[in-house]
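Rule-based calculations on the coordinates, nothing more; no lab input. Note that the structure is a prediction, hence the values are computed from the model and not measured. Note that each Cβ is placed from the backbone with ideal geometry, even for glycine, and that neighbours are counted across all protein chains shown.
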Amino acid sequence: MNLADQAPFAWGRRCVAGIAASFRHQVVSAEPSIFKGRRYGNLVAAASAVPLPLEELQRLQAGAPFPFRSLTGRELHRWCAGAEPLEDASRLDSPGPQSGKTWFH
């Protein structure tokens, strides 16, 4: 799932918490500048009932032309802490960039 959001990731964290309610294994990847809250951008979430190929993902990310960081396991659980899982009944649209800020240089 491609999630467009910005720090503090209220919407993205809710989406990932909803995914975690249905799938045992999850990973969220983004450019470090997005995770650090420097700009609005894409978070890419993947989930599965079976273990994900995290080692292969890390290898591919290491060779990518642009750096990416992945959150999994406890680190991802901490990132989502306190987020109410987003469900179909509470559907919310992805937030756009915060007005008045320039996100892409």
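Full-extension gain between Ser48 and Met1, please, as 0.36 nm times their residue separation minus the C-alpha to C-alpha distance.
On the way: separation 47, 0.36 × 47 = 16.92 nm, distance 1.19 nm.
My answer for the length gained is 15.7 nm.
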Any chance you could run the full-extension gain for Glu56 through His77? It's 0.36 nm times the residue separation minus the Cα-Cα distance, nm to one decimal.
5.4 nm
For the range 2-80 the mean separation of alpha carbon contacts under 8 Å (6+ apart) over residue count, i.e. relative contact order in percent, is 38 percent
Note down the Stokes-Einstein diffusion coefficient of the range 26-68 in µm²/s, whole number, using a Kirkwood radius over alpha carbon pairs, 20 °C, and 1.002 mPa s.
188 µm²/s
Across the range 21-29, in residue order, what do the Karplus-derived ³J(HN,Hα) couplings come to in whole Hz, using 6.51 cos²θ - 1.76 cosθ + 1.60 with θ = phi - 60° and x for Gly and Pro?
5, 10, 10, 6, 10, 9, 8, 10, 10
Which trypsin sites (Lys or Arg not before Pro) in the range 1-52 sit in a loop by DSSP (not H, G, I, E or B) and have at most 14 other Cβ atoms within 10 Å of their own Cβ?
Arg24, Lys36, Arg38
For the range 2-80, what is Rg from Cα atoms divided by 2.2 N^0.38 Å, rounded to two decimals?
1.04
